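The values are calculated or read from the model by the stated rules, or taken from the named source; none is laboratory data. Values in this document were obtained by computation on a predicted structure and should not be read as measured data. Cβ sites come from the backbone with ideal geometry, for glycine too, and all protein chains shown count toward neighbours.
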């Protein structure tokens, strides 16, 4: 688009020039003009400037999507951590209750003279350790709630949340999943937009090496300029002058202290940097997509064996209790199997929630998490 400028100036002017034969003149000078300039050629600077701005808008929009994608993953992770730490806390409390029960039983036997003091001391040590684990679990739960509140402010706890489940993933094998991630992850689209911005900037840096051509149309009106008026129109025909012109103006800078060359070199390095950022983003996304996929598959297998372990350990606990009543098992034997049973339950909870986090990581890395959550970014 052309540029149009209007100008008007007024003020006193004192002159002594050859136009008024070196006679001192003090007049009120007035200037007015209207100038239209239409650029015809500027080394394609305007063309690439428009291209650069479009790429900047695209980059900004994709950055919003990237931030939303990361926020959704963070919210999912903290949400899951609240549920995970709450389940681990419940297991820790149950473990304390079991130790307290057995500690009471062995205390009665010691006082009755049929139990060993060493068994009581060992059970007491295990009870104290179970209490310390419970306090640590409470701390972890409180920390998880606080972290979640940073994302979603409010007095929310595990009782307010529903445990999610693993749904469908965008592909059935790792390579297909990585391909989807490379095509859809917002970080990749942001990097592509940034490369477009840098490419347009590099092309723009060539513009100063070309001449500039403008069409310039001007209309002007002057009064009492350069002291050529006596202030009396009847005595001087030169009190006012006006006119207009239309020109083709060609300008060509042939030396600028190597600034243009330096700017072009800087633009080239910025483009190299953006390409490097894209390559790094691809490596990052590939690596973490693979990790998430491997975690998803590994925990699936772990849970099968952990379920069997918990089932067998639970049955063993029941058998040990019966054998203890018959005098064939000691309290320490019961504590040992309870420890094994408790450890299996902890591992199952950890594996279950690791699997959930891996699922949401896959959705985030493939750019599908917002769609899964029915979130629209505008």
query = assigned to a helix (DSSP H, G or I), out of contact with any helix residue (DSSP H, G or I) (no Cβ under 6 Å at 6 or more places or on another chain), modelled with pLDDT of 90 or more and buried (at least 18 other Cβ atoms within 10 Å of the Cβ): does that describe residue 180?
reply = yes
task = Within region 208-219, identify whether any single residue is touching a helix residue (DSSP H, G or I) at 6+ places or on another chain (Cβ under 7 Å) and either in a helix (DSSP H, G or I) or touching a residue at least 60 places away in the same chain (Cβ under 8 Å) (or both), and answer yes or no.
result = yes
ask   = What do you reckon, is residue 327 outside any helix (DSSP H, G or I), farther than 22 Å from residue 88 by Cα and out of contact with any helix residue (DSSP H, G or I) (no Cβ under 6 Å at 6 or more places or on another chain)?
value = yes
request  = Collect the residues in region 113-139 that are surrounded by fewer than 17 Cβ atoms within 10 Å (Cβ to Cβ) and closer than 30 Å to residue 369 by Cβ, keeping them in residue-number order.
outcome  = 139
message = If residue 317 satisfies all but one of (1) within 30 Å of residue 187 (Cα to Cα); (2) without any contact (Cβ under 8 Å) to a residue 40 or more places away in the chain, what's the number of the condition it fails?
response = (1)
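For (1) part of a loop (DSSP other than H, G, I, E, B); (2) under 30 Å from residue 377 (Cβ atoms); (3) touching a helix residue (DSSP H, G or I) at 6+ places or on another chain (Cβ under 6 Å), each residue gets a yes or a no:
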| position | (1), (2), (3) |
| --- | --- |
| 33 | no, no, no |
| 62 | no, yes, yes |
| 66 | no, yes, yes |
| 80 | no, yes, yes |
| 89 | no, no, yes |
query = Within the bounds of region 340-363, is there any residue that is under 22 Å from residue 163 (Cβ atoms), part of a loop (DSSP other than H, G, I, E, B), in contact (Cβ under 8 Å) with a residue 24 or more places away in the chain and within 32 Å of the chain's Cα centre (by Cα)?
reply = no
ask   = Do we have any residue at all in region 157-168 that's surrounded by fewer than 12 Cβ atoms within 10 Å (Cβ to Cβ), in a helix (DSSP H, G or I) and modelled with pLDDT under 95?
value = yes
task = Take residue 333 and decide whether it is surrounded by fewer than 16 Cβ atoms within 10 Å (Cβ to Cβ), assigned by TED's automatic domain parsing to the domain that holds residue 118 and modelled with pLDDT under 90.
result = yes
inquiry  = Taking the criterion of being more than 23 Å from residue 342 (Cβ to Cβ), surrounded by 13 or more Cβ atoms within 10 Å (Cβ to Cβ), at pLDDT 90 or above and within 46 Å of the chain's Cα centre (by Cα), would at least one residue in region 79-96 satisfy it?
reply    = yes
ask   = Quick one: residue 374 ticks every box in (1) touching a helix residue (DSSP H, G or I) at 6+ places or on another chain (Cβ under 6 Å); (2) over 30 Å from residue 121 (Cβ atoms) bar one, so which box is it?
value = (1)
